[in-house]
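Structure first, then comments.
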Amino acid sequence: MSVQGSCHCGNVRIELPRMPDWVADCNCSLCRRTAWRVAYFPPEQVTVSGETIPYIWGDRMIGIHHCPVCGCGTHWQTLGEDFGKMGINARLLDAFDESTIEVRKFDNAE
Ligand SMILES: [Zn+2]
């Protein structure tokens, strides 16, 4: 059963094929500020609708998207190279409950 999500204002809507089995809690310089919980899916399984703005930094491998209206971080995706996956901010999913899902700590601090 597919899973829906949206940013706070509803401008951006996300659809995934299912709830993720686990999400990442990353401590890199960006994630520790934004507190994303990232779910990974192949891009062809993800539908993102609505305008988003990418933030591009560092090695310029990915764009980290947010809603231009309410500011919620929505997803990241590659800028060219095929990663075979993209990241979705699971906090936006309608039924997301961090107490019921495995949270894996990613150590990407510099
Ligand atoms: Zn929004």
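Rule-based calculations on the coordinates, nothing more; no lab input. The structure presented is a predicted model; accordingly, all values stated were derived computationally and were not measured. Glycine also receives a Cβ, built like all others from the backbone with ideal geometry; neighbour counts cover every protein chain displayed.
Would you be able to say whether some residue in region 13-26 is under 12 Å from the mean Cα position of the chain (by Cα), away from the ligand (no atom under 16 Å from the Cβ) and more than 21 Å from E102 (Cα to Cα)?
no
Tell me which residues, restricted to region 27-41, are within 12 Å of the chain's Cα centre (by Cα) and assigned to a loop (DSSP other than H, G, I, E, B).
Listed by number, the residues that qualify are A35, W36, R37.
Given the structure, is P68 part of a loop (DSSP other than H, G, I, E, B), more than 23 Å from E102 (Cβ to Cβ) and within 16 Å of the ligand (Cβ to nearest atom)?
yes
So is D94 of a type in the set (D, E, K, R) and within 16 Å of the ligand (Cβ to nearest atom) or not?
yes
Of the numbered conditions (1) farther than 15 Å from V3 by Cα; (2) buried (at least 16 other Cβ atoms within 10 Å of the Cβ); (3) touching a strand residue (DSSP E or B) at 6+ places or on another chain (Cβ under 6 Å), C31 fails exactly one; give the number of that condition.
Of the numbered conditions (1) farther than 15 Å from V3 by Cα; (2) buried (at least 16 other Cβ atoms within 10 Å of the Cβ); (3) touching a strand residue (DSSP E or B) at 6+ places or on another chain (Cβ under 6 Å), the odd one out for C31 is (3).
Would you mind stating whether C9 is within 15 Å of the ligand (Cβ to nearest atom) and either under 19 Å from E98 (Cα atoms) or in a loop (DSSP other than H, G, I, E, B) (or both)?
So C9 fits the description; yes.
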